[in-house]
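To start, the structure under review is shown below, and the notes come after it.
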Amino acid sequence: MKRIVLAGVLAFFGLFSIQTSFAQVQVGIRGGANWGFASKPDFLGSMMPDFHPTAGPTGAIFLDIPLSDRVSFRPELAYVQKGVAIKEGFDLNLGGFNLPLGATIAYQSQQLEVPLLFKFNLSDGPVQPYIIAGPAVSYALDGRVRTRASGLFTTQPYDIDVNYGGMLNRWDVSAVGGLGLAFDAGAGKFFIEGRYTNGFTRQIQVPVVNVNVRNRGVAFSVGYSFPIGY
């Protein structure tokens, strides 16, 4: 798996160095937010609270390499925060006054991701809707478990670093699909984009037991791309 990510990174920068002489090739940057969540194992049923999304930043640099009039190849080198949150709460009755008490436990991982996407432009003109789709490989640089209690006030978060290896998996292979809208802006294009990521790699490895926890995510980004050759 490590070889796949290394090959993706080398291919990204190799394409950057080779393609700079072609006028239609574009380089771009995007940034936004990712709402990470995870699949819940069926066998846990009602034994565990529901999983909730946890928000975090995402950003990338990328190339847009035309393959035809409407199709281009879009390799990215991205940062994304993935994770999931568990929320529990109850009401404490104080002489007829109900005081809501609760706690949130969130797992958050900082990941380097290499999406290898194909972009399909749906129309020409100054405004261009498009579709993106393709695989992605990511590696968790680090992670934490953040806890926070709430009542009359919310406490400061308390973080515990995650030690990967053993049960926790650093690697993730996923599929990415999304929609975007690009606008001509000067020499380049301004765009807004939404995407969904569906992970295929089990994030918890337990012998014998199939713990089907896989990353999911919904991200929204804005960005700008411009040609790198003439």
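What the table shows:
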quantity: Residue in the range 150-160 that is farthest from the chain's Cα centre (by Cα), counting only those that are more than 14 Å from Gly83 (Cβ to Cβ) and modelled with pLDDT of 80 or more; calculated: Gln156
quantity: Residue within the range 119-131 that is among the β-branched types (Val, Ile, Thr), at pLDDT 95 or above, surrounded by 16 or more Cβ atoms within 10 Å (Cβ to Cβ) and within 17 Å of Val176 (Cβ to Cβ) present; calculated: no
quantity: Matching residues in the range 133-165 - criterion: being among the β-branched types (Val, Ile, Thr) and either within 19 Å of Ala103 (Cα to Cα) or in contact with a Cys (Cβ under 7 Å, 6 or more places away or on another chain) (or both); calculated: Val145, Thr147, Thr154, Thr155, Ile160
quantity: Every residue from the range 182-224 that is of a type in the set (Ser, Thr, Tyr), touching a Phe, Trp or Tyr at 6+ places or on another chain (Cβ under 7 Å) and modelled with pLDDT of 95 or more; calculated: Tyr224
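The values are calculated or read from the model by the stated rules, or taken from the named source; none is laboratory data. None of these values were measured; they are calculated from a predicted model. Backbone-built Cβ (ideal geometry, glycine too); neighbour counts: all protein chains shown.
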